[in-house]
1. With the calculation restricted to Cα positions, what are the radius of gyration and Dmax of the stretch 40-104 in angstrom?
2. May I ask you to evaluate 6.51 cos²θ - 1.76 cosθ + 1.60, the Karplus curve with θ = phi - 60°, for each residue of the stretch 130-139 and list the ³J(HN,Hα) values in order in whole Hz, giving x for glycine and proline?
3. Ordered by residue, what ³J(HN,Hα) values in Hz, to whole numbers, does the stretch 291-302 give under the Karplus form 6.51 cos²θ - 1.76 cosθ + 1.60, where θ = phi - 60° and Gly and Pro are x?
4. Return 284, 228, 183 ranked ascending by Cβ neighbour count within 10 Å, so the fewest neighbours appear first.
5. Grab the eigenvalues of the alpha-carbon gyration tensor for the stretch 123-229, scale each by 5, take roots, and send me the semi-axes largest first in whole angstrom.
6. Would you please give the FRET efficiency between residue 178 and residue 305, computed as 1/(1 + (r/R0)^6) with r the Cβ-Cβ distance and R0 = 56 Å, to the nearest 0.05?
7. Going 7 Å from the Cα of residue 322 toward and past its Cβ, which residues in the stretch 53-79 have a backbone nitrogen under 18 Å from where you end up?
8. In Å and whole numbers, how far do the C-alpha atoms of the chain stretch along each principal axis, longest first?
Amino acid sequence: IDVYQHKIKPTRDPIAFFAFISFFPQLVAGPIERATNLLPQFQRERTFDYSKAVDGMRQMLWGFFKKMVVADNCATAVNTIWADYQGESGGQLLLVAVLFTFQIYGDFSGYSDIAIGCARLFGIELKRNFNFPYFSRDIAEFWRRWHISLTTWFRDYIYIPLGGSRVGKWKSFRNTVVIFLVSGFWHGANWTFIVWGAYHALLFLPLLLFGKNRKYTDTVAAGRLFPSFKEIVQMLLTFFLVVIGWVIFRAESIGQAWNYLCRMFSSSLFTFPHSGGRMALIYSIILLTVEWFQRDKQHALQIENVVKYRAVRWGIYYAVLSFVTLFAGQQTDFIYFQF
């Protein structure tokens, strides 16, 4: 497509071409790279860069933490309780929905961190795929921060060719709905994914209608240690709306999603959940806390400008590695492998 649209010239270098289509770090589950970014990197000379190699290794380490400690521990609790959710209280079902929200983030973004870090060891820079999406202040910001390589691919190759936002208000609405439905269908041929896409389209359209879809393009609480009360409310509301969407995404059928949500929003919603999943929630809170204080960085372990002493930095890396080794959950496949 890029060659046809004259965005890039056809390469005559067979090694660079086959390296591009078979580059193993991002081949299976992204980030979704384009020839305009990746091919030129294979065609130029590269030398070993110690600082980039270290940065790649620590991004991989944080990816392993996300996957093995957060996602895998959340998966155990989610799978156990979801299998027999009818007998659980609304509070417990809300906890499970929140845990799946962290599971899918740890799984998706963890793989991306591992892939990006691994590529950096070879001197290859892959595009950022997740930009701390759970700190978003509205749904539009969430989608600018979630699975960036996929959403920008849909934008450039489907939304813009359909006319984008330049074709009038109603056609712009149509194009937006198409993008969200395609995004849902891309994840699988199940009505739950289509409804999940439609759900997010319904949340996005009011922002588009009132011209608020690009209101938040900066880092939340930029230059401040903590967010304002308004920002806390915005982030919590956005997070809650995303949680509901992930319930639809996780369900095996529309009926199951509806039944789960009805039980969750029952009179027992504020019942204190039992012990199942509490440790996974603690790990998720640790993830959120670390990423909050690193939200203006490329990844959470990019600490060379925060911690000046190399020995202390390496102590932190070994501490995270020990945490991954000691508290890893039961091994599960990456969710993304099924898409």
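1. According to the Cα coordinates of the stretch 40-104, Rg and Dmax are 19.5, 61 Å.
2. 9, 10, 6, x, 7, 9, 6, 9, 7, 5
3. 5, 4, 6, 10, 5, 9, 9, 6, 7, 6, 9, 7
4. 228, 183, 284
5. 24, 18, 15
6. Result of the calculation: an efficiency of 0.85.
7. 61-62, 65, 69
8. 64, 57, 39
No lab work stands behind these numbers, since they all come straight from the coordinates. This structure is a prediction, so every number in the text was calculated from the model and none was measured. All Cβ positions, glycine included, derive from the backbone under ideal geometry; neighbour counts span all protein chains shown.
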